[in-house]
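For reference, the structure discussed in these notes is given below.
The values are calculated or read from the model by the stated rules, or taken from the named source; none is laboratory data. Computed from a prediction, not measured in an experiment: that's the story for all the values here. Please note: Cβ atoms are built from the backbone with ideal geometry, for glycine as well, and neighbour counts cover all protein chains shown.
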Amino acid sequence: MKTFKFLPILGLALLITGCGTNAAPKETITLYKSYTCGCCNGWKDHMESNGYKVDVVNMEDKDLPAIKSKYNVPKTVQSCHTAIIGDYIVEGHIPSKVIDKLLTEKPAIDGIGMAGMPSGSPGMPGPKNQTWKIYSMKDGKTTLYEKL
């Protein structure tokens, strides 16, 4: 029987990179979205591929404004879906790295939002063709949080 000297090195590489492990998700996200919205599914896939668990609540389009109202999402940052992550609201196609920053820094805000559905943002087709402006939300007011 042949032995392979590189197998311990391969095992160490798998351990370091996390391949082959069952790492726990970072956070569980509750995603409120339309039944028919494909871009929201794309954002969900982006979040899952970056370590988050996403529980989807599919809704009729006419019912989504009530969710935004419940969480006091200002009209200036509204998008096609609203997510709840821990104690924070996340509105729109925000990249996971910005959400990672939010959850690490834990600022005293209600959440973050990016208006509309910018080209190239997670879940949206096309190239990134503008600077994305992500706003913090606190008591219905917004302040610039991050530019990408």
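Within the range 98-124, if we keep just the residues that are farther than 14 Å from Asp87 by Cα and without any contact (Cβ under 8 Å) to a residue 12 or more places away in the chain, the residue that is farthest from the chain's Cα centre (by Cα) turns out to be Ser119.
Starting from residues that are of a type in the set (Asp, Glu) and in contact with a Lys or Arg (Cβ under 8 Å, 6 or more places away or on another chain), keep the ones in the range 78-118 and report whichever is farthest from Asp139 (Cα to Cα). If we take residues in the range 78-118 being of a type in the set (Asp, Glu) and in contact with a Lys or Arg (Cβ under 8 Å, 6 or more places away or on another chain), then Asp100 is farthest from Asp139 (Cα to Cα). Taken over the range 67-111, the criterion of being in a strand (DSSP E or B) and either surrounded by fewer than 22 Cβ atoms within 10 Å (Cβ to Cβ) or not hydroxyl-bearing (Ser, Thr, Tyr) (or both) is satisfied by Ala83, Ile84, Ile85, Tyr88, Ile89, Val90, Glu91, Gly111.
Quick check, is Val73 within 18 Å of Lys26 (Cα to Cα), within 17 Å of the chain's Cα centre (by Cα) and touching a residue at least 24 places away in the same chain (Cβ under 8 Å)? For Val73, the condition - within 18 Å of Lys26 (Cα to Cα), within 17 Å of the chain's Cα centre (by Cα) and touching a residue at least 24 places away in the same chain (Cβ under 8 Å) - is not met.
Here's the yes/no breakdown for (1) out of contact with any helix residue (DSSP H, G or I) (no Cβ under 9 Å at 6 or more places or on another chain); (2) under 20 Å from Thr36 (Cα atoms):
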site: Glu60; (1), (2): yes, yes
site: Leu64; (1), (2): yes, yes
site: Lys70; (1), (2): yes, no
site: Thr82; (1), (2): no, yes
site: Gly92; (1), (2): no, yes
site: Lys97; (1), (2): yes, no
site: Leu102; (1), (2): yes, no
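Among the residues examined, Asp45 does not qualify as surrounded by 14 or more Cβ atoms within 10 Å (Cβ to Cβ), acidic (Asp, Glu) and either modelled with pLDDT of 95 or more or in contact with a Pro (Cβ under 8 Å, 6 or more places away or on another chain) (or both). Kindly list the number of the only condition in (1) crowded, with 20+ Cβ neighbours inside 10 Å; (2) of a type outside the set (A, V, I, L, M); (3) free of Cβ contacts under 8 Å to residues at least 24 places away in the same chain that fails for Lys133. Of everything listed in (1) crowded, with 20+ Cβ neighbours inside 10 Å; (2) of a type outside the set (A, V, I, L, M); (3) free of Cβ contacts under 8 Å to residues at least 24 places away in the same chain, Lys133 misses just condition (1). If Lys33 meets every condition in (1) among the basic types (Lys, Arg); (2) in a helix (DSSP H, G or I); (3) out of contact with any Asp or Glu (no Cβ under 9 Å at 6 or more places or on another chain); (4) surrounded by 12 or more Cβ atoms within 10 Å (Cβ to Cβ) apart from one, which number is that one? Condition (2) is where Lys33 drops out.
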